[in-house]
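I have placed the structure first, in the form of structure tokens, so that the comments after it can refer back to it.
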Amino acid sequence: MDAERWYRIRNLARLRFCLLAPFLVAILAIPCKAQASNSFYLLYRQWQAYDWPEDLPSASEVTRSQRGLGWQQQNSASTFGIDYDYQPLRIRTGEPAHNGHLHRLTFGGDWQHRLYRVEARAGVAGTSNMFKYRDFHSDVFNGRIALFRAMDETSPLSIGIGGDHRFGSFRWLPRIRWKQSNESGHWLLDLPVLLKWQSPGHRWEFRVERNGDRWATLDQTREVESALYLREWRTELEYRAYDGRRAWPAVILGVGASVNTRVRYKDLNTGTEDLKLGDALLASLRLDW
């Protein structure tokens, strides 16, 4: 990697970090109002194969899965966590400028202080050859951020703004957040990205969520630098089958579907491809300690 390229990447990374750092520092610096609890998880998620969106003789199904692990510390005012996941997304047609092995490592959390709430995460996301050969470009640095203000100290309604890659390229969108607990369970509405319900006792959980992110990519020869954008609407119903005892983890089973899944990436022959993979069922297994 030449000096000019490395200097450009370093400056861009410094700028992005400077934008997120104050919020992350605030999350860590606020004193705990209650004893913190720590948790660790392992996750496996498998999707039904996607049918290729075009009728091409050489095209085959697109397969996708996800392995993840993470750690989180939570108290009454804030949460902080570190998450890693690996998603093989195997596109076996054309000449994709990526190898389909997507790695992502992020850290961050949320912080609540009086009327204000901050959610911020930062990290790196890219294909496996980028990390194997330590050949990075600026798209490897990633993050998301949101800031909310409640209507008053007793109101369940907050308004705010958030920026992320959930809808493709990074963009800022207005957000409306509403949270309520009653005899039917715990409700969280965060428009336009999330609807979540938890049953009393947290035995059941249902989510409709907008997912999307960017991974920096390199082709096989590591000459073409580009990025892959994967976004979808995901709905999932989870059931806590076992609560966990001592060293035994809690077991959470999930079923759901990804709807309107789209992927955008560079093809060495045809240029930028923006394709709808369609809808697919999914199943998940999560272990919580």
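State all residues of region 119-153 that are aromatic (Phe, Trp, Tyr) and assigned to a helix (DSSP H, G or I); if no residue qualifies, say none.
131
With respect to the numbered conditions (1) under 21 Å from residue 194 (Cα atoms); (2) small (Gly, Ala, Ser); (3) at pLDDT below 95; (4) touching a Ser or Thr at 6+ places or on another chain (Cβ under 9 Å), which one is the sole condition not fulfilled by residue 94?
Among (1) under 21 Å from residue 194 (Cα atoms); (2) small (Gly, Ala, Ser); (3) at pLDDT below 95; (4) touching a Ser or Thr at 6+ places or on another chain (Cβ under 9 Å), the lone unmet condition for residue 94 is (1).
Kindly list the number of the only condition in (1) more than 30 Å from residue 199 (Cβ to Cβ); (2) free of Cβ contacts under 8 Å to residues at least 60 places away in the same chain that fails for residue 182.
Against the list (1) more than 30 Å from residue 199 (Cβ to Cβ); (2) free of Cβ contacts under 8 Å to residues at least 60 places away in the same chain, residue 182 comes up short only on (1).
Six or more apart or on different chains, Cβ atoms under 8 Å: show the pairs whose first residue is in region 101-115 and in contact (Cβ under 8 Å) with a residue 24 or more places away in the chain and at positive phi and whose second is among the acidic types (Asp, Glu) and surrounded by fewer than 19 Cβ atoms within 10 Å (Cβ to Cβ).
Between residues of region 101-115 that are in contact (Cβ under 8 Å) with a residue 24 or more places away in the chain and at positive phi and residues that are among the acidic types (Asp, Glu) and surrounded by fewer than 19 Cβ atoms within 10 Å (Cβ to Cβ), the close pairs are 114/153.
Which residues, taken from region 72-118, are out of contact with any strand residue (DSSP E or B) (no Cβ under 8 Å at 6 or more places or on another chain) and in a strand (DSSP E or B)?
113 - this is the single residue of region 72-118 that is out of contact with any strand residue (DSSP E or B) (no Cβ under 8 Å at 6 or more places or on another chain) and in a strand (DSSP E or B).
Can you tell me which residue in region 36-65 is nearest to the chain's Cα centre (by Cα), limited to those that are modelled with pLDDT under 75 and of a type in the set (A, V, I, L, M, F, W, C)?
The residue in question is 52.
For region 248-277, give me the residue count where each residue is of a type in the set (A, V, I, L, M, F, W, C) and under 30 Å from residue 39 (Cβ atoms).
Residues that pass the stated criteria total 8.
What number of residues within region 127-141 are closer than 30 Å to residue 177 by Cα and open to solvent by 20 Å² or more (accessible area, probe 1.4 Å)?
Matching residues across region 127-141 total 2.
Among the residues of region 107-125, are any surrounded by 15 or more Cβ atoms within 10 Å (Cβ to Cβ) and among the hydroxyl-bearing types (Ser, Thr, Tyr)?
Taking every residue of region 107-125 in turn, none turns out to be surrounded by 15 or more Cβ atoms within 10 Å (Cβ to Cβ) and among the hydroxyl-bearing types (Ser, Thr, Tyr).
Those residues that are of a type in the set (A, V, I, L, M, F, W, C) and open to solvent by 70 Å² or more (accessible area, probe 1.4 Å), I need them from region 231-279; list them, please.
Listed by number, the residues that qualify are 233, 247, 248, 253, 255, 268.
Within region 175-221, track down each residue that is assigned to a loop (DSSP other than H, G, I, E, B), of a type outside the set (Ser, Thr, Tyr) and farther than 28 Å from residue 251 by Cβ.
192, 219, 220
Specify which of the listed residues (145, 176) is open to solvent by 70 Å² or more (accessible area, probe 1.4 Å) and either in contact with a strand residue (DSSP E or B) (Cβ under 8 Å, 6 or more places away or on another chain) or at pLDDT 95 or above (or both).
Being open to solvent by 70 Å² or more (accessible area, probe 1.4 Å) and either in contact with a strand residue (DSSP E or B) (Cβ under 8 Å, 6 or more places away or on another chain) or at pLDDT 95 or above (or both) holds for just one of 145, 176, which is 176.
The values are calculated or read from the model by the stated rules, or taken from the named source; none is laboratory data. Note that the structure is a prediction, hence the values are computed from the model and not measured. Methodologically, a virtual Cβ is constructed for each residue, glycine included, from the backbone with ideal geometry; neighbour enumeration extends over all protein chains shown. Note: areas computed on protein heavy atoms with side chains; ligands, DNA, RNA excluded. Shrake-Rupley method; radii C 1.70, N 1.55, O 1.52, S 1.80 Å.
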